[in-house]
Amino acid sequence: SDAAAATMNNGTIIDALPTDSYLLVGLALFFISTMLAVIYKRRNNAAAVEDEKKKEQLAKASFRVRKSNLMSIAGRGVRRNKKKKQPRLNRDQLITGGESDKAASWYEWLMSSFAHMMARLLSIITFGYLQLLDDASTSSNTTQSSTQQNERNSSRRNKKRANLEGYYDNIAVVGLDCEMVGGGRNGMKSLLARCSVVTLDHIPAQPIYNNNSQSESRQSLTSLSQNLVVLYDKYVIPKEKITDYRTEWSGITKSTYSNNNNNSSIPIVSFQQCQNEITQLFASISNKKVMVVGHALENDFEALEITHPISLVRDTAFFVPYMRQVRTKLYSRKLSVLSSEELGIDIQQQSEHPPPLEDEGSGGVSMIQNDSMVGHSSVEDAAAALRLYWNRCIEWEHSLGYPLSSGGGGVAATSEWDPLSMYLDGCNLPVAMRGVDFKELFANPPQDRDDASNENSSTTDQPRSFSITSRKRDKGNVHTTDWMPVFLSALSPNATPKLDKVSILWDGAKYRDILKSSNGKQKHQRRVFSSEMSDSIVAEITKDGDTVDDVLFDRLCGSDEAATAGSRCHQQIIPLSKAVNILSFDTANQTSALAEDSLSHYVVIRRKGGGSKTHRRLFDKLHLRRPDEGAVCLSGLTNKLQRHSWKLARELQREKGIEKVIECELRRRQDLKHLVVTDDVYLTERLMRSHAVVVVSFMQFSNMF
């Protein structure tokens, strides 16, 4: 401290004094100035109290009425006051009761300003002196701390890169892009016209992590066709009439679908065939899970009318480093701009000469650019999106928390639960079965009468080609959804939740008139037949006289009556707030928000009372129209279903007094064996007696996949 003081006052007489005396004098002055400030503050507080008392007295005096003014107030006449008007007093005079004491106020202001200034000055001098003493001791450790920080950053970066070792061993990364044409009025409806799926023959050796190594990536990549393998590339005949070919963007003309178009090597298939082939391709490639990469994939999936697990989707249009920021908002950029800036390759360029064919050794059967040299090429766009993913794959997966890793900072994408059997109540759902000739079906007897009597028997008829469809009206347009691709995707080995069978059941009484008109009989036996797409998709028509409700209850809950009685006695009731916390996407409880079917419990909500008018509107939405009838299962079998369940729970929580008329029961996910989709309230109430069954409505089923 002596040396530090000497450096401050070098060549002065004060250096002879010990440095501790400076510190003591400074602290003493600081204490004195602080005491003066405290005394002045207390004095001001006392003055403020007196001011408040005087104001109250003046307020009370203003309401007093003199005897001389009683007649004027009563309205019986006005008596003029001949006294002179008193001069109006200002605020200081009202408070002090006369003329303001300006000298006293100036004296107080000077004293307070001097006290605050001295306190601030002494604090600056004291803390500055102590900081000077600390600089001498910390200067020697600056170099050592900077070296340790650099080593810590490099180790953290190496740890991030090391997490991707073996990350893609069980994952096949593909790029998807579709070209659309216009249908409907003015060509406003997008119809699928071409679909392309590409991949790389090997994983890039050195994917970059940030912008520092972009120049190396640009130098190593010379063409999008480098190491590119085209897995699928076909023209698709749209389901509806084409009103606008959108040749400027799609590159498709009227001659593309003509029989005389022999110049193109790209085959032409129907929409149904393309949908089935893409569904099977995305289900598994060489027994690996398929990660789909693309630009604005929502439009491609909507055109294909398929879904894919969110944990296996990477969209370059919504990756934050690839987006454009304007103030506080983010906007997607064009794929051509991203390819030019990030990869250094220009795409979607119209060429005057036909492009060369791909080499046979690369495995490609298509061209990177279009034959017509007009519009975009879906192969080129899919390859660009795939390269953009590999360009930032480390940073991308790190931002998501490595959702596909089996350990070390991620969550296993494969569900650990046992497979479920899914049953759809066709008579209580807005779905229909198409493509089956029921007259021909009932005219021929089943192949095995003995197996037909067994409820758990396998298929008794030949596989048939049929579809399960539903219609939805949106803004005046009717949209038809085919659920068969959804079932195929849900039955794939890598899907979540795991399903081993999908059964659609129909009441036999519904087809009584068809059977009577065909052969005069009034009753028929149980008929079961599978789909030609998969043996795990089964359609079942119950025996005439047997309802789907009784068949499902006997099949799913008949053997669990003893366990059902015990489970109902030991049910766990929880408050609604806890149910919301269980269903929420909390990173503290879940290591990754992309982990599918990761909740260990689900919630069953029942109605126990009447409720208010607003409560009844919400209950009608949840099919809880009467107390003690029906139930709502809020689960997290998929991310979309978990998010939908959380929104429903939050909507219930916002209603005042809702907890008095509902009951929340907590159940374990590991007990589930069956999944039933129905809108029948009584069937839901019967099936929910067993802990092995979870029931979802058609609204929840639509938000599930």
Among the residues of segment 343-352, are any at pLDDT 85 or above and buried (at least 16 other Cβ atoms within 10 Å of the Cβ)?
yes
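Under the condition of being open to solvent by less than 70 Å² (accessible area, probe 1.4 Å), in a helix (DSSP H, G or I) and of a type outside the set (A, V, I, L, M), which residue from segment 148-199 is modelled with the lowest pLDDT?
The initial filter retains those residues of segment 148-199 that are open to solvent by less than 70 Å² (accessible area, probe 1.4 Å), namely 153-155, 160, 162-164, 166-168, 171-184, 187, 190-199.
This time we only want the ones that are in a helix (DSSP H, G or I), so: 153-155, 160, 162, 187.
Still in the running and of a type outside the set (A, V, I, L, M): 153-155, 160, 187.
Details: 153: 53, 154: 55, 155: 52, 160: 47, 187: 80.
For segment 148-199, the residue satisfying everything is 160.
Here's the yes/no breakdown for (1) out of contact with any His (no Cβ under 9 Å at 6 or more places or on another chain); (2) modelled with pLDDT of 65 or more; (3) within 19 Å of residue 551 (Cβ to Cβ):
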site	(1), (2), (3)
404	yes, yes, no
411	yes, no, no
425	yes, yes, yes
440	yes, yes, no
456	yes, no, yes
463	yes, yes, no
480	yes, yes, no
Residue count, segment 465-486 (criterion: closer than 22 Å to residue 422 by Cα and either small (Gly, Ala, Ser) or part of a loop (DSSP other than H, G, I, E, B) (or both)):
5
Residues of segment 608-625 classified as loosely packed, with under 15 Cβ neighbours inside 10 Å and either in contact with a Phe, Trp or Tyr (Cβ under 9 Å, 6 or more places away or on another chain) or not basic (Lys, Arg) (or both), total:
6
From 566, 476, grab the single residue that is open to solvent by 20 Å² or more (accessible area, probe 1.4 Å), at positive phi, modelled with pLDDT under 80 and of a type outside the set (Val, Ile, Thr).
476
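Any idea which residue in segment 273-301 is surrounded by the fewest Cβ atoms within 10 Å (Cβ to Cβ), counting only those that are touching a residue at least 60 places away in the same chain (Cβ under 8 Å) and more than 17 Å from residue 231 (Cβ to Cβ)? Explain how you work it out, then say what you get.
Taking segment 273-301 as the starting set, the residues that turn out to be touching a residue at least 60 places away in the same chain (Cβ under 8 Å) are 274-276, 278-295, 297, 299-300.
Among the residues that remain, those that are also more than 17 Å from residue 231 (Cβ to Cβ) are: 295, 299.
On the way: 295: 27, 299: 15.
This residue is 299.
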State all residues of segment 307-330 that are over 21 Å from residue 494 (Cα atoms), touching a Leu at 6+ places or on another chain (Cβ under 6 Å) and either open to solvent by less than 30 Å² (accessible area, probe 1.4 Å) or part of a strand (DSSP E or B) (or both); if no residue qualifies, say none.
316, 322
Please list, ordered by first then second residue, the pairs with beta carbon atoms under 6 Å, 6 or more apart or interchain, first in segment 312-325 and polar (S, T, N, Q), second open to solvent by 10 Å² or more (accessible area, probe 1.4 Å).
316/295
Exactly one condition in (1) open to solvent by 40 Å² or more (accessible area, probe 1.4 Å); (2) over 30 Å from residue 309 (Cβ atoms); (3) not acidic (Asp, Glu) is not met by residue 646; state its number.
(2)
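Let's see how each residue does on (1) of a type outside the set (Phe, Trp, Tyr); (2) outside any helix (DSSP H, G or I); (3) without any contact (Cβ under 8 Å) to a residue 40 or more places away in the chain:
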residue	(1), (2), (3)
641	yes, no, no
647	yes, no, yes
650	yes, no, no
653	yes, no, no
663	yes, yes, no
667	yes, yes, no
676	yes, yes, no
679	yes, yes, no
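The values are calculated or read from the model by the stated rules, or taken from the named source; none is laboratory data. Note that the structure is a prediction, hence the values are computed from the model and not measured. All Cβ positions, even for glycine, are placed from backbone atoms using ideal geometry, and neighbour counts span all protein chains on display. Areas reflect the complete protein model, heavy atoms only, side chains present, ligands, DNA and RNA absent. Shrake-Rupley method; radii C 1.70, N 1.55, O 1.52, S 1.80 Å.
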